[in-house]
Structures are given as structure tokens and as C-alpha cells.
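The structure appears below as C-alpha cells.
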Amino acid sequence: MDKYALRCAVEELLAAYAHCLDSDRLEEWPDFFTDPCLYQVLPRENREQGLPIALIYCDSRGMLRDRVVAHRQANIYGPHAYRHLISNLRVCEEPDGTITAQATYTVLRTLLDPVRYGSTEVYSAGEYRDVLVWVEGQLKLREKTVIVDTCRIDSLLVTPL
């Protein structure tokens, strides 16, 4: 696959990923990953110091599904909507056939409770570092590391980034 086509495929995957989360179709979120997989959210400061402590760590699609179930049934949080903005994508195909991608992301959160309805704020900003592979003609995430610049989360980190 040429570089342009590969970049378009990665951009399409990331756009579909963001649309899935922003549309609250969380039950479909694990389908973007291989099994096993790695999804982790790391504070930038931990990453820079080589500390492996993650805010969220899931190493299988089963763990991703459990996270969605907890989100739907156990967590208590105010109603909100997310908007993901993804930019500055860089894509590289490795000799072993895996694809690495880095992108900048910003997540805006709009509160939907009656008191603060419509109030929008930057909820999280940082970098995606992804490892992708082709599985039966479909591009999938084998690893997604979200490096958050905004490591101080002012509420429960309930929805995946």
C-alpha cells in the first residue's frame, strides 16, 4: 500500500474511533481493537520519567468491554457529551508490517445537566500513540497509548479517550 493510501486508512480509522465515542456508541468501542490488545491512558509526566503507572490500563477486549459495562451500570457522573479533535497525524509502516501512528488530540466536554447545560470546556488534550495491524482486510488497533497533558482530571474519567 502506498503512503497516501495508508495515511487515509489510518485517518479513517481514527475518525471512526472518535465518532464512535462522541456518538456514545461505547459498546462498539472494543471492536476497534485486536485481541489481545493494549489500551492505556498515561500522564505525560509518568511517560517522561519512565514510570509505567497508567490512569487506565486494559490489555484485552474483555477488559475494554468490562469498562463499558462499568460505565453504563456502575459509575455515577453528570450527563455530558464529548467531541474529539484529532490532528497532526504521522504514520509509519514498520518492516514487520505493523503501522505506527502518532496524533495530537483534544477532547471537549459539554455539560448537559440543567444547571450548567451547554457549558463547554477542554476536558483532555495530549497525544495518541498507536500500533495498528491489518486483520482480515480491516485496520485494527493493537495498542493505543493516550498520553494526557492534562493529567489532572477534574471528574471521573468515565468515557474512553
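Do you know which residues across segment 52-67 are of a type in the set (Val, Ile, Thr) and either crowded, with 17+ Cβ neighbours inside 10 Å or assigned to a loop (DSSP other than H, G, I, E, B) (or both)? It would help to see each step written out before you state the result.
If we filter segment 52-67 for residues that are of a type in the set (Val, Ile, Thr), which is where we start, we get 53, 56.
Within segment 52-67, just ILE53 meets the criteria.
Do we find that LEU51 is touching a residue at least 60 places away in the same chain (Cβ under 8 Å) and more than 13 Å from the chain's Cα centre (by Cα) in this structure? Give the derivation first.
Details: touching a residue at least 60 places away in the same chain (Cβ under 8 Å): no; more than 13 Å from the chain's Cα centre (by Cα): yes.
Taking the combined requirement at face value, the residue does not satisfy it.
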*Please state which of the following conditions SER87 fails to meet, knowing it meets all the rest: (1) part of a strand (DSSP E or B); (2) surrounded by 13 or more Cβ atoms within 10 Å (Cβ to Cβ); (3) under 14 Å from the mean Cα position of the chain (by Cα).*
(2)
*Of all residues in segment 37-51 being part of a strand (DSSP E or B) and of a type in the set (A, V, I, L, M, F, W, C), the one that is nearest to ASP149 (Cα to Cα)*: LEU42
_Pick from segment 90-110, criterion surrounded by 16 or more Cβ atoms within 10 Å (Cβ to Cβ) and either in contact with a Cys (Cβ under 8 Å, 6 or more places away or on another chain) or of a type in the set (S, T, N, Q) (or both), ranking: farthest from LYS144 (Cα to Cα)_ = THR110
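Counting just the residues of segment 20-48 that are acidic (Asp, Glu) and over 20 Å from ALA125 (Cβ atoms), which one comes out farthest from the chain's Cα centre (by Cα)?
So in segment 20-48, the residues acidic (Asp, Glu) come out as 22, 24, 27-28, 31, 35, 45, 48.
So of that shortlist, the ones also over 20 Å from ALA125 (Cβ atoms) come out as 24, 27-28, 31, 35.
Working: ASP24: 13, GLU27: 14, GLU28: 13, ASP31: 13, ASP35: 16 Å.
Once the filter is applied, the top-ranked residue is ASP35.
Conditions (1) in contact (Cβ under 8 Å) with a residue 40 or more places away in the chain; (2) outside any loop (DSSP other than H, G, I, E, B); (3) in contact with a Ser or Thr (Cβ under 9 Å, 6 or more places away or on another chain), marked per residue:
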{"position": "GLN102", "(1), (2), (3)": "no, yes, no"}
{"position": "THR106", "(1), (2), (3)": "no, yes, yes"}
{"position": "ARG109", "(1), (2), (3)": "no, yes, yes"}
{"position": "PRO114", "(1), (2), (3)": "no, no, no"}
{"position": "GLU121", "(1), (2), (3)": "no, yes, yes"}
{"position": "VAL133", "(1), (2), (3)": "yes, yes, yes"}
{"position": "ARG142", "(1), (2), (3)": "yes, yes, yes"}
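Taken together, the values in this text are just the output of simple stated rules run on the coordinates, not laboratory data. Source: prediction; values computed, not measured. FYI the Cβ positions are ideal-geometry reconstructions off the backbone, even for glycines, and counts take in every protein chain you see.
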